[in-house]
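Step one of this worksheet: look at the structure below.
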Amino acid sequence: MTQGSMNDFKRAVEIGRPPNVVRLFPHSRALIVSGKVIDRAMLAKGRAMAIAANGRNHFIIRGALAAAQRANSAIIIEIAKSEGGASAYCGVNYWNIARQVDAVCNELGITVPVAIHADHYGIKSDADIAAAKIEIPTLFEAGITSIAIDASHLPDDLNLLANIALNPCVPQWAGLETEVGEIKGSQGLSTVEEALFLIQGLNAHDIFPDWIALNNGTTHGIEASDQGIQVELTAEIHDRLEKYRVSGAQHGTSGNSSERLRAIASLTRTTKANVATALQMLSWGLEVNDFGNAQLDADGNFIKNPGQGVTEEMWQEMVAYAEKQGWKGGNYKKLNLPFETKLLGQAREVRERMCHRVEEFVYKLLVDVFNAGDTAPVAIEAVLQANSHDLGPKAGRIEDPAEWTGEKIRKRAARIDSDKGPGGDFDD
């Protein structure tokens, strides 16, 4: 880093960290920023996506941050409600993830901007809304700098109304993601009409999301088919939303080919790409293909690479535990919580190789697939130009609030022709 770059970094640390981060880490040299900063950097570079690495364990956090530093890339570290909420299946959670990121950044000398994102904050009922009004503020008190309000499980009118109801709980400076259509593969695909309804209704209420997530053909977890991201559908929806200046958030990237991921970056307005399952499998030392999908042997079992990830003895213990619980395939994700402390207690060389495997995969994605290399200085410049941690909204109000009252929202929603797909648990 040149002297000029170092001066810019120091100045960005002084003015670019949100107040909750400053309060928690007053002496830190980690550049933890709003999710808005990361989105703006990708837009400024053009046709670039930031990786949003789901930090299901500490090794993923370390490896992803090391990769971002190598790539000189701005990055998002996130955890979803299912992964790290009140009923977590991971040791990393909404309330400790910022502390882990800050500690690793200071330890490793990470100088790229990092946002801490609460992904898929799921809302499925009125009771969830009431609980969220209490819980969401605690996430920001714990250092979160960006959030996805995910009420996509609900009908269109209730999705919009839930987003409106919870917006006062989200700081104005924070990154904001909304979602239309649950992530459930080829069924229940999002439509232009549904996406416009959500974004227009929010706009009328002076809510300007940084990202919208769609059901555009992917699934969470292990990708069982080769259908994956529907690039043309995504591009069409993004084009129709252009005047609202909302970017795309791509979920379910694990299992999609590099070619398809390059297409979503180059042909749509996507600036955020979530990667979760692949990073977990890599940290454990499992065999994955070129685009992160875990490989199975002839008996349908995961393939453990000798000398990579956890020790062979630890892997056998993990497999035995999963079998005892009746966990198979994607449910191996539930091993994160009971084994987090055991994995942290492995020898240094084992822990380091777990992190390194994640680092190599993330670095390749950032540089060769997501076009996110060298976006760190672009993000820092955005902070310096704003002279603030708050970059403000990308759009202004276009829609007439009088046309988006609660009653009119329900009437508009009743006219939408939508297929939500099958019911079931599609949480990450």
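The values are calculated or read from the model by the stated rules, or taken from the named source; none is laboratory data. Note that the structure is predicted; figures quoted are calculated from it, not measured. So basically every Cβ, Gly included, is an ideal-geometry build from the backbone, and we count neighbours across all protein chains shown.
Right, Arg11: part of a helix (DSSP H, G or I), in contact (Cβ under 8 Å) with a residue 24 or more places away in the chain and not polar (S, T, N, Q) or not?
Values: part of a helix (DSSP H, G or I): yes; in contact (Cβ under 8 Å) with a residue 24 or more places away in the chain: yes; not polar (S, T, N, Q): yes.
When the stated conditions are applied, Arg11 passes them.
Counting only residues that are assigned to a helix (DSSP H, G or I) and touching a Ser or Thr at 6+ places or on another chain (Cβ under 9 Å), which one in segment 346-361 is surrounded by the most Cβ atoms within 10 Å (Cβ to Cβ)? Lay out the reasoning, then the answer.
Taking segment 346-361 first, the residues assigned to a helix (DSSP H, G or I) are 348-361.
Those still in the list that are touching a Ser or Thr at 6+ places or on another chain (Cβ under 9 Å) too: 350, 354-355, 357-358.
On the way: Val350: 18, Met354: 25, Cys355: 23, Arg357: 23, Val358: 28.
So the residue we want is Val358.
How many residues are buried (at least 16 other Cβ atoms within 10 Å of the Cβ) and at positive phi if we restrict to segment 369-413?
2
Go through (1) surrounded by 15 or more Cβ atoms within 10 Å (Cβ to Cβ); (2) closer than 26 Å to Leu365 by Cα one by one and return the number of the condition Ile303 breaks.
If we test Ile303 against (1) surrounded by 15 or more Cβ atoms within 10 Å (Cβ to Cβ); (2) closer than 26 Å to Leu365 by Cα, just (1) comes out false.
What single numbered condition from (1) under 24 Å from Thr341 (Cβ atoms); (2) polar (S, T, N, Q); (3) in contact (Cβ under 8 Å) with a residue 40 or more places away in the chain fails to hold for Asn93?
The number of the failed condition is (3).
Would you pick out the residues in segment 372-428 that are modelled with pLDDT of 95 or more, under 29 Å from Gly122 (Cα atoms) and of a type in the set (Ser, Thr, Tyr)?
Residue satisfying the conditions is Thr405 alone.
Hey, does segment 266-275 have a residue that's closer than 30 Å to Glu313 by Cβ and either surrounded by 24 or more Cβ atoms within 10 Å (Cβ to Cβ) or modelled with pLDDT of 95 or more (or both)?
Yes; the residues of segment 266-275 include at least one that is closer than 30 Å to Glu313 by Cβ and either surrounded by 24 or more Cβ atoms within 10 Å (Cβ to Cβ) or modelled with pLDDT of 95 or more (or both).
Of all residues in segment 369-407, which are part of a helix (DSSP H, G or I), in contact (Cβ under 8 Å) with a residue 40 or more places away in the chain and not small (Gly, Ala, Ser)?
Val369, Pro377, Val378, Ile380, Glu381, Val383, Leu384, Pro401, Glu403
When only residues in segment 160-189 that are hydrophobic (A, V, I, L, M, F, W, C) and within 19 Å of Arg240 (Cα to Cα) count, which is modelled with the highest pLDDT?
Taking segment 160-189 and keeping what is hydrophobic (A, V, I, L, M, F, W, C), we get 160-162, 164-166, 169-170, 173-174, 176, 180, 183, 189.
Those still in the list that are within 19 Å of Arg240 (Cα to Cα) too: 160, 180, 189.
On the way: Leu160: 98, Val180: 95, Leu189: 88.
Top of the filtered list is Leu160.
Would you mind telling me which numbered condition in (1) surrounded by fewer than 24 Cβ atoms within 10 Å (Cβ to Cβ); (2) closer than 24 Å to His389 by Cβ; (3) in contact with a His (Cβ under 8 Å, 6 or more places away or on another chain) Ser82 fails?
Every condition holds for Ser82 apart from (2).
Of the numbered conditions (1) touching a Ser or Thr at 6+ places or on another chain (Cβ under 9 Å); (2) under 22 Å from Met49 (Cβ atoms); (3) aliphatic (A, V, I, L, M), Ala382 satisfies every one except a single condition; which is it?
With (1) touching a Ser or Thr at 6+ places or on another chain (Cβ under 9 Å); (2) under 22 Å from Met49 (Cβ atoms); (3) aliphatic (A, V, I, L, M) applied to Ala382, the lone miss is (1).
How many of the residues in segment 134-155 are in contact with a Gly (Cβ under 9 Å, 6 or more places away or on another chain), crowded, with 24+ Cβ neighbours inside 10 Å and either at pLDDT below 95 or assigned to a helix (DSSP H, G or I) (or both)?
Number satisfying all stated conditions: 1.
Would you check if there is a residue in segment 303-323 being among the small types (Gly, Ala, Ser) and either touching a strand residue (DSSP E or B) at 6+ places or on another chain (Cβ under 6 Å) or at pLDDT below 95 (or both)?
Checked against the condition, which is being among the small types (Gly, Ala, Ser) and either touching a strand residue (DSSP E or B) at 6+ places or on another chain (Cβ under 6 Å) or at pLDDT below 95 (or both), segment 303-323 yields no hits at all.
Which residues, taken from segment 190-203, are at pLDDT below 95 and under 20 Å from the mean Cα position of the chain (by Cα)?
Ser190
If Gln227 satisfies all but one of (1) surrounded by 20 or more Cβ atoms within 10 Å (Cβ to Cβ); (2) at pLDDT below 80, what's the number of the condition it fails?
That leaves (1) as the condition not met.
Would you point out the residue of segment 241-268, among those that are in a loop (DSSP other than H, G, I, E, B) and without any contact (Cβ under 8 Å) to a residue 40 or more places away in the chain, that is nearest to Phe339 (Cα to Cα)?
Ser254
Check segment 204-214 and report whether any residue there is assigned to a loop (DSSP other than H, G, I, E, B), at pLDDT 95 or above, on the phi < 0 side of the Ramachandran plot and of a type in the set (Asp, Glu).
Kept after step one, since they are assigned to a loop (DSSP other than H, G, I, E, B), are these residues of segment 204-214: 205-210.
Pick out the ones that are also at pLDDT 95 or above and you get 205-210.
Then keep just the ones that are on the phi < 0 side of the Ramachandran plot; that gives 205, 207-210.
If we keep only those that are of a type in the set (Asp, Glu) too, we end up with 210.
The answer is yes, given that some residue of segment 204-214 is assigned to a loop (DSSP other than H, G, I, E, B), at pLDDT 95 or above, on the phi < 0 side of the Ramachandran plot and of a type in the set (Asp, Glu).
List pairs: first in segment 288-299 and surrounded by 10 or more Cβ atoms within 10 Å (Cβ to Cβ), second aromatic (Phe, Trp, Tyr) and assigned to a strand (DSSP E or B), Cβ under 7 Å, 6+ apart or cross-chain?
From residues that are surrounded by 10 or more Cβ atoms within 10 Å (Cβ to Cβ), the pairs are Ala294/Phe302; Leu296/Phe302.
Mind telling me which of the residues Ile129, Ile123, Ile136 ends up being farther than 13 Å from Gly35 by Cα and touching a Cys at 6+ places or on another chain (Cβ under 6 Å)?
One residue alone meets the criteria, Ile136.
Of everything in segment 34-58 that's of a type in the set (Val, Ile, Thr) and touching a Leu at 6+ places or on another chain (Cβ under 9 Å), which residue is surrounded by the fewest Cβ atoms within 10 Å (Cβ to Cβ)? It would help to see each step written out before you state the result.
Filtering segment 34-58 for residues of a type in the set (Val, Ile, Thr) gives 37-38, 51.
Filter once more, keeping what is touching a Leu at 6+ places or on another chain (Cβ under 9 Å): 37, 51.
Details: Val37: 32, Ile51: 29.
The qualifying residue surrounded by the fewest Cβ atoms within 10 Å (Cβ to Cβ) is Ile51.
Only one residue in Leu343, Leu335, Leu366 is under 18 Å from the mean Cα position of the chain (by Cα) and not in a loop (DSSP other than H, G, I, E, B), so which one is that?
Of Leu343, Leu335, Leu366, the one residue that is under 18 Å from the mean Cα position of the chain (by Cα) and not in a loop (DSSP other than H, G, I, E, B) is Leu366.
Please indicate, with yes or no, whether at least one residue in segment 1-17 is in contact with a Gly (Cβ under 8 Å, 6 or more places away or on another chain) and modelled with pLDDT of 95 or more. Before you say what the answer is, go through the steps one by one.
In the first step, residues of segment 1-17 are kept if they are in contact with a Gly (Cβ under 8 Å, 6 or more places away or on another chain); the result is none.
Scanning segment 1-17 turns up no residue that is in contact with a Gly (Cβ under 8 Å, 6 or more places away or on another chain) and modelled with pLDDT of 95 or more.
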